[in-house]
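Working notes, structure below.
The values are calculated or read from the model by the stated rules, or taken from the named source; none is laboratory data. Keep in mind that this is a model prediction, so the values were computed, not measured. Cβ sites come from the backbone with ideal geometry, for glycine too, and all protein chains shown count toward neighbours. Surface areas here come from the heavy atoms of the whole protein model, side chains and all, with no ligands, DNA or RNA. Shrake-Rupley method; radii C 1.70, N 1.55, O 1.52, S 1.80 Å.
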Amino acid sequence: MFLRLLESRHPEPEWMDDPNADPEHLRKALNTIRRINHLLGYTRTAVRYLDRFGRRWERGRTYRLIDLATGSADLAEGILDWADRRGHDVRVIGVDLHEGTLRASRRRVTDPRLTFLRADALHLPLPDGGVDYAFTSLFLHHLSDGQIVAALREMSRVD
């Protein structure tokens, strides 16, 4: 039964996406998601790709990355930790549509290399080529097929 649920996407809205979601419940849910991402290695897996890309990076150059649907910003933090270990100068823009999510993440993550931006993933307020790399993790399953295509187009446009 459980495996059958994983065979298809169910893009229904989640309570966390409600603009009126209780801030304390939202903070707790983000912390839980963060722990799950850590335990299951989602952040490590995404950041591992940077090792491949980073081999060709120029020393002394600043690289700009976007973390689409940043949520608790655990991927953004993972990127910054990776950059510290590898000696790269990185700036990350954590994008999320939900103001409550951004508020909770801003309180928890204060690294000045991480900027938070409230924006719609389907219509990013960034110029073409405004970042060097675009990432997202565990977000696309929330979208319809058409929205997935639009989000990927936006990611491609800005990087």
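Meeting the requirement of 2 or more residues that are over 17 Å from Thr32 (Cα atoms), open to solvent by 50 Å² or more (accessible area, probe 1.4 Å) and of a type in the set (A, V, I, L, M, F, W, C), the helices (runs of 4 or more DSSP H) wholly within the range 65-159 are 145-158. Quick one: is Val90 closer than 22 Å to Ala29 by Cβ, of a type in the set (Val, Ile, Thr) and in contact with a strand residue (DSSP E or B) (Cβ under 7 Å, 6 or more places away or on another chain)? No; evaluated as a whole, the condition is false for this residue.
What about Arg55, is it more than 20 Å from Asp132 (Cβ to Cβ), out of contact with any Pro (no Cβ under 7 Å at 6 or more places or on another chain) and at pLDDT below 95? Answer is no for this residue.
Please go through the range 50-64 and pick out each residue that is of a type outside the set (Lys, Arg) and outside any loop (DSSP other than H, G, I, E, B). Show your work before the answer.
We begin by selecting, within the range 50-64, every residue of a type outside the set (Lys, Arg); these are 50-51, 53-54, 57-58, 60, 62-63.
Answer for the range 50-64, where residues must be of a type outside the set (Lys, Arg) and outside any loop (DSSP other than H, G, I, E, B): Leu50, Asp51, Phe53, Gly54, Thr62, Tyr63.
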